[in-house]
Amino acid sequence: MGKKMTEKEPAAAADSPPETGIGVIEGYVAGLPGSPGVYRMINKAGDVLYVGKAKNLKKRVSSYTRLNRQTNRIRRMVMETAAMEFVTTHTEAEALLLEANLIKRLAPRYNILLRDDKSFPSILVTGDHEFPQVLKHRGAEKRKGDYFGPFASVWAVNETLTVLQRAFLIRTCSDSVFASRTRPCLLFQIKRCAAPCVDKVGQQQYADLVEQARSFLAGESQKIQKTLSGQMQAASDGLEFELAAQFRDRIRALTRIQMHQDINFQEIDAADVIAAHQDGGQTGIQVFFIRGGRNFGNRAYFPSHAREQETPEVLEAFLGQFYANKQPPKRILLSHALPNQALVADALTVKAGRRVGVSCPRRGGRRKAVEHACNNAREALGRRMAESASQRKLLEGVARVFDLDGSPGRIEVYDNSHVSGAQAVGAMIVAGAEGFMKKAYRKFTIKGAAGNGGKENGFTPGDDYAMMREVLSRRFARALKEDPDRQQGQWPDLVLIDGGPGHLGVAREVFAELGVEDVAIAAIAKGPDRNAGRETIYRPDQKPLSLQQKDPVLYFLQRLRDEAHRFAIGAHRGKRGKAFKQSALDAVPGIGAIRKKALLHHFGSAKAVGEAGRTDLEAVDGISTATANRIYDWFHDES
C-alpha cells in the first residue's frame with residue numbers, strides 16, 4: 001500500500017531541538033513530500049496522539065504550525081507532540097484505508113474512535129458435500145460454499161436457520177453425524193429436515209430444496225412462495241392432502257419471516273443503511289444490513305469523539321473504521337453527505353475489489369429506509385444518554401459512600417474462585433461511567449502454593465487471603481512498572497474486594513508494601529446466611545457500614561460484586577475443564593479419553609490419581625488390574 005519514510009532529525013532541531021509543540025512539527029515539514037500519505041503524532045511517552053491522512057503530506061502537516069486556525073483540542077494535541085512518523089501511499093484512497101486501520105489498531109486519544117471490533121455472523125450453505133448443510137458461520141470464509149450475510153446478531157441467524165429448516169427441510173447436522181445415521185433424527189419427526197441421511201429424499205429432490213433455500217437467502221422469497229403455492233394446489237387437486245399440508249406448512253414458515261419486516265426493503269438489493277443522530281455532544285449511529293430485499297438486522301454504535309466534531313465528520317471516520325475488517329456491500333446509503341464522500345467511495349471500492357456506491361438518497365424506498373435508521377439512531381442515543389445519566393448518579397452515590405473526592409472513573413472489583421485450592425483463579429472486573437468495561441477484565445492464574453493444592457510457606461490449600469494477596473500484588477506491581485505516572489487511564493479510583501475485614505486487611509498490606517497510598521479500597525461481604533441485601537461494607541479505619549435495602553447504590557454494588565463472582569467462576573470452570581482434557585494422565589500409556597475421564601471423576605485430580613494405591617485404582621469403572629498396575633507403576637517408577 002505504501003512505504004514508511006526514512007526518519008530524519010527535524011531540520012530546525014540541529015542545535016537544541018524543542019521537546020514538544022510547533023517547533024517539532026516545523027522540523028519535519030521541510031523534508032516532507034507533496035504526495036498522499038498518513039502521519040502519526042506522538043507524545044514524549046511514545047504514545048500515538050493522532051493518526052491522519054493527507055492528499056499532500058507537506059501541506060497538511062504544515063497547517064498544524066498555524067495554531068490560530070485550530071480548535072482548542074488541536075492546539076492541545078500540537079503542544080503535546082514530541083515526534084512524528086509518516087507513511088507515503090500511491091493514492092489518497094490508500095491513505096484513507098491505512099489511516100482507518102491504524103486508528104483501529106492504535107486507538108489514538110485525539111481521533112474519533114469506534115470501540116468495536118466484532119465480526120458479524122453469516123449463514124453458510126456448504127458446497128463440499130453431495131447433500132449440503134446450512135450452518136452459522138463467523139470468521140474467514142475458507143470452506144467451499146455460498147455465504148449469506150452479514151447478520152447483525154446470532155439471534156437473527158438462528159431465526160433465519162429456523163425458517164430454512166421449516167420451509168426447505170435442509171439438514172443442519174455435521175457431516176460426521178450425517179454419515180453415521182441409521183434412522184431419522186427428531187428434526188425429521190417434527191418436519192424440519194428431509195432426512196437425506198437415510199434416503200427419505202433423493203439427491204436431485206434435495207438439491208432442488210437447497211436451490212430454493214439459496215434463492216430465499218438471495219431475496220427471492222416471493223417467487224418461491226408462488227411456486228410452493230402452485231405445488232400445494234396441484235397436490236390438493238390430485239387428492240394428495242398430506243403432501244398439500246406439507247407445502248402449506250412451508251408457505252406459513254415463509255410468511256412468518258416476511259411478517260417480521262417492519263419496513264419494506266424490496267427496492268434495496270444489497271446495501272448497508274447507515275444513519276447518525278447527534279445530541280449533547282454524543283453521536284449514535286445505526287447500521288441496518290439489507291440483503292436481497294430483507295432486513296438482516298441492525299446494530300447501534302456510539303463512537304468516541306470531541307464535542308465540537310459534527311455529524312458528517314464523525315460518520316466519515318466511522319465508515320473507515322467500520323469497514324477496516326469487513327467487506328463493504330455494493331451500496332451504502334447514508335443519512336448525511338460526507339466531507340470526502342467520493343474519496344470514501346473510492347477507498348471502499350479498492351478494499352472490495354469492485355465498485356461500492358456511497359449515496360444519500362432523497363426520495364423513494366431508499367430514503368424511507370434511511371429515515372427508519374435515523375429514527376432508530378435517535379432512540380438508541382436517547383436510551384444511552386438516559387443510562388449514562390443514571391450511571392453518573394450511581395457513581396456519585398458511590399463517591400459519597402466511600403468518601404471519594406469525586407465520582408470514580410474506574411472501579412476495579414476482585415474475587416477468587418477455586419475448589420479446595422485446585423485450579424484457583426483470581427478475577428478483576430472493571431466498571432466506569434459507561435458501565436462494565438469488559439475489555440479491561442483480567443484473569444489471574446494463582447501461581448502460589450495456596451492456589452495449587454499444595455502447602456508451602458505457611459499457606460494451606462485454598463488459602464483465600466494468600467490468593468488475594470498474590471492477585472493484588474501482581475496487578476499493582478505491574479501497574480507501577482508500566483504506568484508509574486498514571487497517564488494511561490489504567491489506575492482505579494476505587495478497589496472493591498469480595499470479602500470481609502480479613503480480605504480488606506490483606507489489600508491494605510499489599511498497598512502498604514507497594515507504596516500505593518491514593519487508591520481507595522473497601523471490602524463488601526454478604527450478610528448472615530449469605531443473604532443479598534444485607535451486605536456489610538468494610539472501609540479502612542472506619543466502622544462497618546450497611547446500606548438500606550432499597551438504596552440504589554447498594555443494588556449497584558451488588559451488581560459489581562455479582563459480575564466479579566460470575567467472571568471468576570467462569571474462569572475457574574474453564575480452567576477446570578481444560579485440566580480434565582489435559583493432565584498428567586495424558587502421558588500414561590493405554591489411558592485414553594474415556595479412562596482418563598473416569599479416573600478424574602473418581603479421584604478429582606491427576607495428582608490424586610498418582611497418589612492412589614493399586615486397589616483404589618481398580619475400584620474405578622473401566623480400570624482392570626493390569627491397567628491399575630500400569631498407572632501405579634507410571635507414577636511410582638523411581639528408575
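Restricting to the stretch 589-605, give me the number of residues that are assigned to a helix (DSSP H, G or I) and either among the polar types (S, T, N, Q) or in contact with a Gly (Cβ under 8 Å, 6 or more places away or on another chain) (or both).
Within the stretch 589-605, the subset assigned to a helix (DSSP H, G or I) is 593-603.
From what is left, the residues that are either among the polar types (S, T, N, Q) or in contact with a Gly (Cβ under 8 Å, 6 or more places away or on another chain) (or both) are 594-595, 598.
Result for the stretch 589-605: 3.
Looking at (1) under 23 Å from the mean Cα position of the chain (by Cα); (2) over 21 Å from residue 329 (Cα atoms); (3) not in a helix (DSSP H, G or I), can you tell me which one residue 151 breaks?
Among (1) under 23 Å from the mean Cα position of the chain (by Cα); (2) over 21 Å from residue 329 (Cα atoms); (3) not in a helix (DSSP H, G or I), the lone unmet condition for residue 151 is (2).
Residues checked against (1) in a helix (DSSP H, G or I); (2) among the aliphatic types (A, V, I, L, M); (3) in the same structural domain as residue 489 (by TED's automatic domain parsing); (4) surrounded by 21 or more Cβ atoms within 10 Å (Cβ to Cβ):
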| site | (1), (2), (3), (4) |
| --- | --- |
| 44 | no, no, no, no |
| 53 | no, no, no, yes |
| 76 | yes, no, no, no |
| 79 | yes, yes, no, no |
| 85 | no, no, no, no |
| 93 | yes, yes, no, yes |
| 116 | no, no, no, no |
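What residue, of 96, 124, 102, 113, is in contact with a Lys or Arg (Cβ under 6 Å, 6 or more places away or on another chain) and modelled with pLDDT of 90 or more?
Among 96, 124, 102, 113, only 96 is in contact with a Lys or Arg (Cβ under 6 Å, 6 or more places away or on another chain) and modelled with pLDDT of 90 or more.
Out of the residues in the stretch 606-628 meeting the condition of being within 16 Å of residue 586 (Cα to Cα) and either in a loop (DSSP other than H, G, I, E, B) or touching a residue at least 40 places away in the same chain (Cβ under 8 Å) (or both), tell me which one is farthest from the chain's Cα centre (by Cα).
Per the criteria, the residue is 623.
Identify, by number, the condition in (1) among the aliphatic types (A, V, I, L, M); (2) part of a helix (DSSP H, G or I); (3) within 34 Å of the chain's Cα centre (by Cα) that residue 523 doesn't meet.
(2)
In the stretch 552-586, what count of residues is obtained for those that are at pLDDT below 75 and in contact with a helix residue (DSSP H, G or I) (Cβ under 8 Å, 6 or more places away or on another chain)?
6
Yes/no per residue for (1) of a type in the set (Ser, Thr, Tyr); (2) within 27 Å of residue 315 (Cα to Cα); (3) in contact with a helix residue (DSSP H, G or I) (Cβ under 6 Å, 6 or more places away or on another chain):
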site	(1), (2), (3)
108	no, yes, no
151	no, yes, yes
179	no, no, no
191	no, no, no
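The values are calculated or read from the model by the stated rules, or taken from the named source; none is laboratory data. Values in this document were obtained by computation on a predicted structure and should not be read as measured data. Heads up, the Cβs are rebuilt from the backbone with ideal geometry, glycines too, and the neighbour counts pull from every protein chain shown.
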